Amino acid sequence: MSNQSLNEHFACYNHDPLERPQIEVANIPSGQIGESTIVDNMIIFFVEGRVRFTYHDFSDHDGVTGKFVLLPAGKKYSVTTLSDACLVVFKLSKMISLCENFITYRSSTQSEEMYDSDSTTEKSLSMLEIKPPIRYFLKGVSNYIEDEVICRCFLNLKVKELLFLMRAYYTKEQLSDFFSPILSADAVFSEHVLSKWDQFSSIHELAKSMQLTSRQFSTRFSRVFGRRPNRWMMEARAEKIFTEITSTQKSFKQIAVENMFHSEVYFTKFCKSMLGATPSLIRTGEHGCAKKPID
């Protein structure tokens, strides 16, 4: 890509130089140990190396060269690299549709009881082999990421392409087993929260959209996410606002209105409290304002 083309690409509104891109390539040295909470459903391809990970109530797994796995959103996981490893990660932020005739993700409005069920049975994650066409696809995606071609629209198309390839090269039975973790009651609950939370100004309204009382919702949320819902929503809103201030040309008034603030004064107070600076200072990058919500 020429320098002129690169400059035009980086200037584009859809260029996505954020901390959580939709597709990531991670080269991790042996002996690294980490722990985090998964925000989006993720498909992880183990291109090279061996990685051991423990995920919520699932048994321990070793991800080895030539395999891939899906990890559902909303849970904590820990990972240890047993050798130098290369991973390609695809984040699935919305409902998964492999093709018009094969939907693997149930709508969160299908059954009210999905929000109320509880399971303590130990689960096992299904891993699939990376077939040659998928490996070729991953190589191309890795090259794009290396060249910093990280346009939101382009990456979204690559995620869709991956799902079409999976539908083409794996059986329905394999895919049903593979995607089963995000068909669970907890996964439907967490997916609804993650995809709908910013449409509501309060936990009460979000709970009502799921036909739950605030108390029922808070109890379920704390069990699924391991966090208090009010604090989680404040941090999620702060992260969304930070992204919109730093990555778009929207006016502060527009950002405030779209994020349920009734006045710019309250919006500014929220930014100072959660992000450590006013919207103006965040946009200009002055005073070393935080890039993440303040704990």
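Structural remarks
- Cross-linked pairs 208/240; 160/196; 158/208; 91/269; 131/240; 76/240: Cα-Cα separations exceed 30 Å for 158/208; 91/269; 131/240.
- Close amide H partners of residue 67, meaning residues 5 or more places away or on another chain with modelled amide H under 5 Å apart, are 46, 130.
- Rounded to whole numbers, the Karplus 3J(HN,Hα) couplings from phi for the range 141-149 are 4, 4, 5, 5, 5, 4, 7, 6, 8 Hz, using 6.51 cos²θ - 1.76 cosθ + 1.60 with θ = phi - 60°, and x at Gly and Pro.
- Evaluating 6.51 cos²θ - 1.76 cosθ + 1.60 at θ = phi - 60° for every residue in the range 70-82, the Karplus couplings come out as 10, 10, x, 6, x, 10, 8, 9, 10, 9, 10, 7, 8 Hz, glycine and proline recorded as x.
All of the numbers you see were taken from the coordinates with simple rules; none came from a lab. What you see is a predicted model, and the numbers here were worked out from it, not measured in a lab.
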